[in-house]
Amino acid sequence: MSEISPALFWVTLSLLTYMAARAFYARIRFALFHPILVTMALIIALLHVGGIDYDEYMSGGRVITFFLGPSVVALGLPLYLRLQELKRSAPAMLTAVLFASAVGIVSVVVPALMAGAPQMVVRSLAPKSVTTPIAIVVSESIGGDASLTAAVVVVTGILGAVIGPLVLRLVGVVHPVSFGLAMGAAAHGIGTARALEEGELQGAAAGLGICICGVMTAVLTPPIVGLLLG
């Protein structure tokens, strides 16, 4: 540890852990062994067992966090490649994502209020279904806590990537565009990565879902949260 910087150590360890988890997932293909979920569990266990402070880990974690924005932009490539196919479904997709954005906000705010959660927590949970950079900005603009929002966004993405495909197939959603759009709108970047495993068209639709859902959530969250909080 003394020969290399802590930041480099933690970045390297995180990437190697993810690569190992991804290789394991490729062999097992079991939803609960999704590489992001496994990587998170292993890193958390390491920090806990080793008594390592979270701020020390984040000296390298911030390097990974920095690439969240560019990674979302990179999702525009499959969207560009399949743009002509997606244009034919544009009206239906816009309507679906508008509804999904509103449901994503209401479905977490109402249960939180019913459970008696503090208003700060409610405001932090509201933008859970959009990618982290957008969610943090939205959360801060309505009085939420950015750290709590970021954690909830990650959990939402992982759950969506793990159980989303199963739920969609159970309810009969098998069309590539519908599948991808649902994954992107509900589980943002992690869901899009899962959609890309199904195919390029699914990934392109998921990327579009992230973009539209992000814009609509930014617009809808303040008035919906304000209305529900009275």
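Laboratory data are not the source of any read-out in this text; all were calculated from the coordinates shown. Since the structure is predicted, the reported quantities are computational estimates derived from the model, not experimental observations. Because the Cβ atoms are built from the backbone with ideal geometry, glycine has one as well, and the counts that use them run over all protein chains shown.
Of the DSSP H helices in the chain, those that are both long (alpha-carbon extent of 27 Å or more along the helix axis) and hydrophobic (Kyte-Doolittle mean at least -1.0) are 6-28, 90-114, 146-170, 200-228. Taking all Cα pairs closer than 8 Å and separated by 6 or more residues, the relative contact order of the chain comes to 20 percent. Dividing the helix sum by the residues of the chain, where each DSSP H run of 4 or more adds -39500 (n - 2.57), gives a mean residue ellipticity at 222 nm of -27000 deg cm²/dmol. Size estimate for the stretch 1-120 follows the Kirkwood approach: the inverse of mean 1/r over distinct Cα pairs works out to 18.4 Å. Summing charges over neighbours of Ile224, with a neighbour being any other residue whose Cβ is under 14 Å away from its Cβ, gives +2 when K and R count +1 and D and E count -1.
Comparing Thr39, Thr132, Thr12 in a Gaussian network model of the chain where C-alpha atoms under 10 Å apart are linked, the largest mean-square fluctuation is found at Thr12. Of the two radii for the chain, the radius of gyration is 0.99 times the Kirkwood radius, both from the alpha carbons; that is the Rg over Rh value.
When a/c reaches 1.5 or more, the comparison of a/b and b/c decides; with that in mind, is the stretch 1-66 rounded, prolate or oblate per its Cα gyration tensor? In terms of gyration-tensor shape, prolate. Quantify how much of the Cα-Cα distance distribution of the stretch 189-230 extends past 13 Å, in percent. Counting every Cα pair in the stretch 189-230, those more than 13 Å apart make up 58 percent. Translational diffusion coefficient of the stretch 88-203 (Stokes-Einstein, Kirkwood radius from Cα pairs, 4 °C, 1.567 mPa s): 89 µm²/s.
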